[in-house]
Amino acid sequence: MAVEVYKGAVDKGLEGVVACTTAVSSIVDATLCYRGYTIEDLAANATFEEVIWLLWNNEHPTKDQSEKLMKELSESAVLSDQTISFLNTLPVKDVHPMAWLRSAVSALSLWDNNSQDLSKENQRAVGVRLMSKMPTLVSFFHRKREGKNFVQPKPGKTMAWNFMYMLSGEEPNPEAVKVMDTCLTLHADHELNCSAFSTRVTASSLSDIYSAITSGIGSLKGPLHGGANEQVMRMLFEIGEEDKAAAWVENALANKVKIMGFGHRVYKNGDPRAKILKSMSKSLSESTGNAKWYKISDIIEQAVVSQKGLLPNVDFYSATVYYSMGIPMDMFTPIFAVSRTSGWLAHAYEQYDNNRIYRPRGEWTGKVGQHWN
Ligand code: COA
């Protein structure tokens, strides 16, 4: 007797699948919008706190609303003694910051007993508590592995300011804060990318916010997603000199090696964030004595475009922006996670508001009719 197996139309990587409706961010051709505002407009004119408000509330905040949110976030960013004691038990030596961050965010839920209450009001409050602590956690990890004392955030300061302050232990200069603020805005959301989808899948089982964001961090960590920015800087170091860049690309492509920071599932005519980051990378790398890395990047871009027809994505020039700011390479993806938590939260809220559990099918390709004797 023939054994029936499940067969369906497989869309590997879900490229052609529209998995949900969303009003958080949109990509149409080469235009990215958060809640209907273009990324160019937001990067030039909005603060990260205003962007968070916009993503969570689907409206432009008033000055009072964004200032209140900034105050709330800065106050809630402080870590309790209990949390610090626990975090001090986590290993940092030879540990990737994204692995540490994933564990730390998951652990935060242990002090937030109310997180299972999925009412809208409660989830907004949980979101503020979690969002606010992301820069604190990343900075905690960074200072601990450097053998330095943890620095608590200052109330009344923006997330970008506090992040720079906690990382270095020194009051940051306004230009650096502005660059960080713009980077946080540029990375905040990106429609149904891999980590936003993971976040939504976890939220769709009506699991709590911490579980959903922990899923997002795990997905972002991979080199095909957020982990690419760190790999871009490692590639620039491997190439080392401008005159070696074109040949390096030719050799990599001939060997079917993926060039990190290039290509995109959705953008085929260029990622608008890469254009903004490219001009930031040029001016920052020149003003900080790192022009060489920008020049190598530019040669790589020309070579990949002419040899493979692929354009840079968000991760390509963000690498030299962060490097020029003196940020260690393995902290690039955690910075992405800090920013993207705002978008993940907006996606989780949207999922809770209009939920149906994600449960696709898999086409069976294994053995059939086996018997256990
Ligand atoms: N370098 C070299 N070739 C690349 C490439 C890259 N960065 N990105 C895609 N390609 C090639 C693939 O090898 C494939 O070529 P083929 O048809 O000759 O086999 C083709 O382009 C399609 O790529 P594919 O991996 O199927 O595209 P995707 O939509 O599944 O993946 C990415 C999209 C972003 C994961 C992919 O472009 C990639 O791996 N980029 C590098 C990692 C990166 O920068 N990630 C950050 C994304 S924001």
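The values are calculated or read from the model by the stated rules, or taken from the named source; none is laboratory data. Nothing here was measured: the structure is a model prediction, and the numbers come from that model. Here the Cβ is made from the backbone with ideal geometry for all residues, glycine too, and neighbour counts use every protein chain on show. SASA here: full protein model, heavy atoms, side chains in, ligands and nucleic acids out. Shrake-Rupley method; radii C 1.70, N 1.55, O 1.52, S 1.80 Å.
Computed quantities for the displayed model
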quantity: Relative packing of peptides 318-325, 302-309 - highest average C-beta neighbours within 10 Å first; calculated: 318-325, 302-309
quantity: 5 angstrom amide H check on Phe262, placed H, neighbours 5+ away; calculated: Asn313
quantity: Extension gain from Asp94 to Leu110, taking 0.36 nm per residue of separation minus the Cα-Cα distance; calculated: 3.2 nm
quantity: Formal net charge of residues neighbouring Pro91 (Cβ-Cβ distance under 13 Å; K, R +1; D, E -1); calculated: +2
quantity: Heavy atoms of Ser279: accessible area, 1.4 Å probe, square angstrom to 10; calculated: 80 Å²
quantity: Gained length - Ala30 relative to Asn57, 0.36 nm times residue gap less alpha-carbon distance; calculated: 7.2 nm
quantity: From phi via Karplus (6.51, -1.76, 1.60), per-residue ³J(HN,Hα) for the stretch 25-40 in Hz, x at Gly/Pro; calculated: 9, 9, 10, 10, 6, 10, 10, 9, 10, 9, 6, x, 9, 5, 5, 5
quantity: Distance (nanometres) between label positions extended 7 Å along Cα→Cβ at Val18 and Asn255; calculated: 4.3 nm
quantity: Mean Cβ count within 10 Å, highest first, over the residues of peptides 88-100, 227-239, 161-173; calculated: 227-239, 161-173, 88-100
quantity: Relative contact order, percent, the stretch 228-324 [alpha-carbon distance under 8 Å, six or more residues apart]; calculated: 44 percent
quantity: Gaussian network model of the chain, Cα within-10 Å springs - most flexible of Val177, Val266, Val51; calculated: Val266
quantity: Antiparallel bridges, percent of DSSP beta bridges restricted to the chain (to nearest 5); calculated: 90 percent
quantity: Rounded, prolate or oblate (a/c below 1.5 giving rounded, otherwise prolate when a/b exceeds b/c) for the stretch 228-324 by Cα gyration tensor; calculated: oblate
quantity: Cα centroid of the stretch 223-271 to Cα centroid of the stretch 12-52, whole Å; calculated: 24 Å
quantity: Residue-count net charge about Leu79 - beta-carbon cut-off 15 Å; Lys, Arg +1, Asp, Glu -1; calculated: +2
quantity: Accessible surface, per residue, of the chain when the full set of protein chains is kept, probe 1.4 Å, Å²; calculated: 48 Å²
quantity: Asp117-Val5 pseudo-label distance in nm [points 7 Å out on the Cα-to-Cβ vector]; calculated: 5.0 nm
quantity: Sum of -39500 (n - 2.57) over DSSP H runs of 4+, divided by residues of the chain (222 nm, nearest 500); calculated: -18000 deg cm²/dmol
quantity: Surface share of carbon and sulfur [accessible, 1.4 angstrom probe, percent] for the chain; calculated: 52 percent
quantity: Mean separation of Cα contacts under 8 Å, 6 or more apart, over the residue count of the chain: relative contact order %; calculated: 24 percent
quantity: Computed accessible area, Arg265, all protein chains, 1.4 angstrom probe, square angstrom; calculated: 120 Å²
